[in-house]
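Colleague: Next up is a structure, given as structure tokens.
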């Protein structure tokens, strides 16, 4: 994934290992209109510039793996408190919660 080379911070990625993350994903169409949004949460189990960031999901998706591209720019420490996933109603309050928001444009060829 060479096109992500400047977007991956190895030190930050290492600090993500074992952290519980709330992931928000927004899908846009080619015109910039929101097509759908979803949220998932899980624990970071691997993070490399070659393979991206791998999560073991929790809650209603326990046992499922989820992978993001090797881009660490969207990770921020979440404010303390309870978080509720809009799609499932799940509530979680993990101690080491981080949040990342990912935008995907549908209907366009993949970037290279």
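Please treat every number below as a calculation from the coordinates, not as lab data. Since this is a predicted model, take the numbers as computed values, not measurements. Positions of Cβ are backbone-derived with ideal geometry, glycine not excepted, and every protein chain shown enters the neighbour counts.
Colleague: Run through every distinct alpha carbon pair of the range 2-105 and return the Kirkwood hydrodynamic radius in angstroms, one decimal place.
Modeller: Answer for the range 2-105: a Kirkwood hydrodynamic radius of 14.2 Å.
Colleague: Still on this structure, please answer the following. Mind sorting 9, 29 by how few other Cβ atoms lie within 10 Å of their own Cβ, fewest first? Before the final figure, lay out the partial values.
Modeller: Working: 9 17, 29 12.
Ranked by crowding around the Cβ, least crowded first: 29, 9.
Colleague: Here is a further query. What percent do you get for the relative contact order of the range 2-105 when only Cα pairs under 8 Å and 6+ apart count?
Modeller: Value for the range 2-105: 32 percent.
Colleague: Want the number for residue 65 to residue 6: 0.36 nm per residue separation, take away the alpha-carbon distance, what's left?
Modeller: Stretched out fully, the residue 65 to residue 6 stretch lengthens by 18.7 nm.
Colleague: Tell me, what is the Rg over Rh of the range 34-91, with Rh the Kirkwood radius over Cα pairs?
Modeller: On the way: Rg = 12.6 Å, Rh = 12.9 Å.
Rounded to two decimals, Rg over Rh is 0.98.
Colleague: Quick check: pseudo-label points 7 Å beyond the Cα along Cα→Cβ at residue 34 and residue 14, how many nm apart are they?
Modeller: Once both label points are built, they end up 3.7 nm from each other.
Colleague: Further, regarding this structure: Just rank 77, 61, fewest to most, by other beta-carbon atoms within 10 angstrom.
Modeller: In increasing order of surrounding Cβ atoms, one gets 77, 61.
Colleague: For residue 25 and residue 73 in one chain, what is 0.36 nm times their gap in residues minus the Cα-Cα distance, to one decimal in nm?
Modeller: On the way: separation 48, 0.36 × 48 = 17.28 nm, distance 1.44 nm.
This chain segment gains 15.8 nm when fully extended.
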